[in-house]
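Q: Quick one: the structure is below, and I'll ask about it shortly.
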Amino acid sequence: MNDVASKLMQHKRSLWRGALISPWVVPVGLALVLGVLGLIGSIVTSEEHVPADLGAGFWLLLLIVVFGVPFTYIVTFVFVVPMVLLLRSLKALSAARLCLWCALLGPSTMYAYAWLLKGQPEKVLQPLGLAMGATYGLISGAAFCWASRVRLFARRPDK
């Protein structure tokens, strides 16, 4: 089997597609979830059933997207794309391996994100913070694999 055919078996779409789409998934998804939860909470706790001060919440969500997307692109191109290219060159690219890599990157990425935004990076080191970071990494990795149609498991090449 030639090298081009084995690369195509590892993924069915361009890897650039995954690299360009996946950094949007977690920041935008997180902003949407927080926005909906904030709106629901505001409606439930308001006596007049009119959302209370949505302006502050809007700016927080905008900050998550405006800072989160570029930051996630940096993480993707510095840590994820090189791993994808390495795994592909070893003919070992699979969604399982890439999602594991991204889940391992998630907590350190979340720590850096919290530190840069002057948040509470020490909370990221607690069990819930580690689990959330790993989940965000897993979601981002899954989005990369879905967008590039990376196969689920690697197969051993015939010798």
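Q: Whose amide H sits under 5 Å from the amide H of V150, counting only residues 5 or more places off or on another chain, with H placed in the peptide plane?
A: K12
Q: Sticking with this one: Using the Karplus curve 6.51 cos²θ - 1.76 cosθ + 1.60 with θ = phi - 60°, work out ³J(HN,Hα) for each residue of region 30-45 in order, rounded to whole Hz, and write x for Gly and Pro.
A: 5, 4, 5, 4, 5, x, 5, 5, x, 5, 5, x, 5, 5, 5, 8
Q: Here's another thing I want to ask about it. Can you work out the accessible area per residue across region 64-159, with the rest of the protein chains kept in place, probe 1.4 Å, in square angstrom?
A: 59 Å²
The values are calculated or read from the model by the stated rules, or taken from the named source; none is laboratory data. Bear in mind the structure is a predicted one, so any value in this text is a computation, not a measurement. Keep in mind that these areas ignore ligands, DNA and RNA; they rest on the heavy atoms of the full protein, side chains included. Shrake-Rupley method; radii C 1.70, N 1.55, O 1.52, S 1.80 Å.
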